[in-house]
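This report refers to the structure that appears directly beneath it.
Computed from the coordinates by the stated procedures, all read-outs in this text should not be read as laboratory data. Model, not experiment: these values are computed from the prediction. All Cβ positions, glycine included, derive from the backbone under ideal geometry; neighbour counts span all protein chains shown.
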Amino acid sequence: MGATGFARFDADDRLVWANAAFSASFGSPADATLAGLLIGALGEAGLAALRRGGPVTWEPSGRAALTLALGDGTADERLLTAVECPAAPASVPAAEADGPWARTSLVLDCLSQGVMAFDRDLRLVAWNRRVLELLSIDPAFPRHGQPYEAVVRHIARQGGYGAGDVEELVAQRLDYIRKASWPFYNERVRPDGAVIETVTLPLPDGGFVTTYTDITQRKQAERELAASRELFELAIRAAREGISQWDLRTGEVWFSPQWWGLLGYGDGEADNSRRRWETLIHPDDRSEALAMMEEVAAGRRTESRLLQRFRHRAGGTVYLETRSISVPGGDGRPFRIVGSHTDVTESVRAAEAVRAAKEEAEQALQDLKEAQVQLIQAEKMAALGSLVAGVTHEINTPVGIALTGASLLAEKTRTLRRLYQDGALRRGDFADFIDVADEATQLMLFNIERATRLIQSFKQVAVDQSSEERRVFDLGHYIHEVLHSIGMRIRRSGHAVTVHCPEGLMLDSYPGALGQILTNFVLNSILHGYAPGERGHLDIDVTLVGAEVELVYADDGRGIPADVQGRVFEPFFTTSRERGGSGLGLSIVYTLVTRNLRGRLRLDSTDGAGTAFILRFPRVTPSEPPPL
């Protein structure tokens, strides 16, 4: 079909409105008049013909023009149409050429709508090709003056009114048209499923005209839109999503029933107003939401995501995750904010519970680390007390011998003084005194020097074990000092100790930690490794492997059962609690090896065949402070 132009003129024949197709046909200016346009395009004859109500055609364009009277009779407005047809109009019988509707046939055949008109006597006076197609009318059937009843019967036989008795359908249509309230609208469905919309208008001199429009695609689009809307609403309802709109021009807000349902309100309790929204949102979240709206209104952002708190109808707090986007208008400026709201209350509370549990666990871990440090200090003091007892015993012997020698020398000196004062001193007495004094002095010096060495050794080991100071030391010499400090315990147990360590092996590390580790190993073997009265052999073997030191401590005692070897380093785990075991010794050893010495500790034991602990640690401990 060609383009159809339309223009509307007022009672003074001045142009009121025109579409683009009309302007293209007539080249109409803004202040055009009906007479001026028609004279310019068609001449005086064309103007006269149009004022008689008939169409005028001209070649070679194949265009036609038609004027129709509009209004209710009080305002003589006119509608001028200019239609471009792709082909010549259907021929009009000579007998009908003078009829007013015959003169419109060219225009009618160029319309995309079907048209059918009947006069006051219900006789067919006009139709076009399109109505024949839409109503499945045989092109040879219609003729001018044909009764309405015959036309209806023909359409009914073609199935145009649906299934049913033809005569009953005809009677219904005749009764309907006689009693109709004008204008009226109707829809009919053809047998092939096409939907035809009809609009029937009365004619001023009686009769009526009906237009037929194929609205199948529009109906399909409406059904798809309705189905999409229903699917969308069901999806929103299933997902418990609330929807909101905020009109930036008027300030009006709207919240979907689902949104109100998230807050515990029913359909009749919705109050879509900003004032109500401000009473429901948490005061601390209100300013942020309003600031976001201002940024969107100013065009500084197009979307946002906020976590907002709202007061539930029951009094609790609901967390809604709000995602908003701006909707631009024709001028490109945002005029509306559309938001979706998801209830994430359970997720937020679960996250808060996890966070609280994490904080509680971290605090418990910190408390455990502090308790571990305190236990290490307590173990240090316990080891130091054992060291003090052992060294006290060791010092008692040389000090006692030195005291005996001093007492003997003092006694001999007093005897020599009396002999001298009495004048009875003989040469032999003086020689005896000299011999005793020399022997006593040698004995005293030897034992005092021995006590001095013990005290110095005790002092260094005690300082090392009571502090975490780092220093450079000879590993082999230090191992002997530690063993010497607990020598009394070793001798009482009757065990033999062997040390294999390269001479001059210097370490830059923490000797106190190493001393406490060796002390725990030895005491653990003495207390748990052997049966009462059983004597064994303790071996300490040191080798240098690259930049690391490997220290292997082993005994040939009863060993550790396989089912408990994985737990020996756990705090408070012991198999000898009835004999006073606390279960902290090896746990503290593991901590000292990994934390202070930055090393690794491994157990190698066979039930009934002894136990070995393999230590690997750097020769030079890293400089960063030891972690808690």
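Computed quantities for the displayed model
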| quantity | calculated |
| --- | --- |
| Modelled FRET efficiency - R0 35 Å, Asp474 with Leu368, Cβ distances, 0.05 increments | 0.45 |
| Three-way shape call for segment 484-559 based on the alpha-carbon gyration tensor, with the a/c threshold at 1.5 | prolate |
| Modelled FRET efficiency - R0 22 Å, Thr279 with Asp247, Cβ distances, 0.05 increments | 0.65 |
| Magnitude of the charge dipole, segment 260-377, Cβ model with Lys/Arg +1 and Asp/Glu -1, debye to 20 | 440 |
| Cα-derived Rg over Rh, computed across segment 115-239 with Rh taken as Kirkwood radius | 1.10 |
| Distance between modelled label sites at Asp121 and Glu570, nm, 7 Å Cα→Cβ extension | 11.4 |
| Label-point gap, in nm, between Ala356 and Glu550 - each point 7 angstrom along Cα→Cβ | 5.2 |
| D (Stokes-Einstein, µm²/s), Kirkwood Cα radius, segment 468-628, 0.692 mPa s at 37 °C | 203 |
| FRET efficiency for Ala496 and Ile614, using Cβ-Cβ distance with R0 set to 25 Å, rounded to 0.05 | 0.75 |
| Which of Thr200, Thr611 has the fewest Cβ neighbours within 10 Å, and the rest in rising order | Thr200, Thr611 |
